[in-house]
Amino acid sequence: MQLDINADAGESFGRWVLGRDAELLPLVTTVNVACGFHAGDPANMRASIVLARETGISVGAHPGYPDLIGFGRRRFAMSEQEALDCILYQTGALAALAATEGVVLSHVKPHGALYGQVASTPSLALSLAVALQSIRPGLSLITAPFAAAEAVRAAGLPVVTDAPADLEYDDDGINIIEPVPGWKDPEVVAQRALDLANGFVVSISGRRVPLAPESICVHGDRPNAPEVAAAVRSALESAGHTIRGAFVAPAS
């Protein structure tokens, strides 16, 4: 099986450094760069783009709710249009910076609670996928492997499904957001990645829930994110899975 590994990264802000991106990015095939609303700023956005380009991995936007204090992990009462505009605004900012570095965005993956709004709202996911084609034909949406992703795919629009290996899940297969990510046992996370590669996840109650993502996520703001990513990649490769980017770099 071929699998993409994506990382949510680029989340430093001003003089405050969050994450060990230089160590993390060589271990993944796709990076989702924070766009300034939940984390990140223009200078760090550019630095992340350059690092990803030098590492040779795909670059996408990681837009969140305008919530620096809560790191975008709190649900905002946004209408679908407001959420759509929020995502497009941030994507445009990252796309402009990327263009000055000769990089073309491959995808958009909403962050945190905004990811949850998109993943649970097929109409919003479909509107977003349509709008992304106006930014660049072929620009993909990354979202959870549920009804929203199915609606986008049924419309013939590009979508890649993902699921995080470093979060726990409820009995419906929904990942449980940590307000402040802590250290995780790399081997435990690696086993969850193997389960996801095999089409299921074990919930916190012990239930085996069907879940088959095309890309597996690790979070860059976890203190031991590089160690977690290394364990995930090693376990998947040892099990015979091919680690390969989900996106073919478009011609600029």
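The values are calculated or read from the model by the stated rules, or taken from the named source; none is laboratory data. These numbers come from a predicted model, not from an experiment. Don't worry about glycine lacking a Cβ; one is built from the backbone with ideal geometry, like all the others, and counts go over all protein chains shown.
Go through the range 104-153 and report how many residues are among the basic types (Lys, Arg) and closer than 18 Å to ILE216 by Cα. Explain how you work it out, then say what you get.
Taking the range 104-153 first, the residues among the basic types (Lys, Arg) are 109, 136, 153.
So of that shortlist, the ones also closer than 18 Å to ILE216 by Cα come out as 109.
Looking only at that region, the number is 1.
Restricting attention to the range 129-149, and to residues there that are among the β-branched types (Val, Ile, Thr) and not in a helix (DSSP H, G or I), which single residue is surrounded by the most Cβ atoms within 10 Å (Cβ to Cβ)? Walk me through how you get there before you give the answer.
Residues of the range 129-149 among the β-branched types (Val, Ile, Thr): 130, 135, 142-143.
Checking the rest, the ones that are also not in a helix (DSSP H, G or I) come to 142-143.
On the way: ILE142: 31, THR143: 25.
By that ranking, first place goes to ILE142.
Suppose we filter LEU105, LEU126 for residues that are in a helix (DSSP H, G or I) and not β-branched (Val, Ile, Thr); which single one remains?
Details: LEU105 fails: in a helix (DSSP H, G or I).
Sole residue among the options that is in a helix (DSSP H, G or I) and not β-branched (Val, Ile, Thr): LEU126.
Looking at ILE174, ILE142, which one is under 15 Å from THR121 (Cα atoms), in contact (Cβ under 8 Å) with a residue 60 or more places away in the chain and not basic (Lys, Arg)?
Numbers: ILE174 fails: in contact (Cβ under 8 Å) with a residue 60 or more places away in the chain.
Residue meeting the stated conditions: ILE142.
Residues are listed down the side, and each one gets a yes or a no for (1) in contact with a Phe, Trp or Tyr (Cβ under 9 Å, 6 or more places away or on another chain); (2) surrounded by 14 or more Cβ atoms within 10 Å (Cβ to Cβ):
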{"site": "ALA151", "(1), (2)": "no, yes"}
{"site": "ASP162", "(1), (2)": "no, yes"}
{"site": "GLU168", "(1), (2)": "no, yes"}
{"site": "PRO186", "(1), (2)": "no, yes"}
{"site": "ARG222", "(1), (2)": "yes, yes"}
{"site": "ALA225", "(1), (2)": "no, yes"}
{"site": "ALA239", "(1), (2)": "no, no"}
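Working only within the range 53-85, note down all residues that are modelled with pLDDT of 95 or more, surrounded by 21 or more Cβ atoms within 10 Å (Cβ to Cβ) and not β-branched (Val, Ile, Thr).
If the condition is that a residue be modelled with pLDDT of 95 or more, surrounded by 21 or more Cβ atoms within 10 Å (Cβ to Cβ) and not β-branched (Val, Ile, Thr), then SER58, GLY60, ALA61, HIS62, PRO63, GLY64, TYR65, ALA83 are the ones that fit.
Would you pick out the residues in the range 19-65 that are assigned to a loop (DSSP other than H, G, I, E, B), out of contact with any helix residue (DSSP H, G or I) (no Cβ under 7 Å at 6 or more places or on another chain) and within 28 Å of ALA125 (Cβ to Cβ)?
Matches in the range 19-65: THR29, ALA39, GLY40, ASP41.
Given the condition farther than 18 Å from GLU11 by Cβ and touching a Lys or Arg at 6+ places or on another chain (Cβ under 8 Å), answer yes or no: does some residue in the range 73-94 qualify?
No: the range 73-94 contains no residue that is farther than 18 Å from GLU11 by Cβ and touching a Lys or Arg at 6+ places or on another chain (Cβ under 8 Å).
For the subset of the range 13-52 comprising residues that are free of Cβ contacts under 8 Å to residues at least 40 places away in the same chain, surrounded by fewer than 22 Cβ atoms within 10 Å (Cβ to Cβ) and in contact with a strand residue (DSSP E or B) (Cβ under 9 Å, 6 or more places away or on another chain), which member is farthest from CYS86 (Cα to Cα)?
Among residues in the range 13-52 that are free of Cβ contacts under 8 Å to residues at least 40 places away in the same chain, surrounded by fewer than 22 Cβ atoms within 10 Å (Cβ to Cβ) and in contact with a strand residue (DSSP E or B) (Cβ under 9 Å, 6 or more places away or on another chain), the one farthest from CYS86 (Cα to Cα) is LEU51.
Among (1) small (Gly, Ala, Ser); (2) under 30 Å from ALA239 (Cβ atoms); (3) under 14 Å from the mean Cα position of the chain (by Cα), which single condition is ALA22 missing?
(3)
What single numbered condition from (1) in a loop (DSSP other than H, G, I, E, B); (2) out of contact with any Pro (no Cβ under 7 Å at 6 or more places or on another chain) fails to hold for VAL209?
Every condition holds for VAL209 apart from (1).
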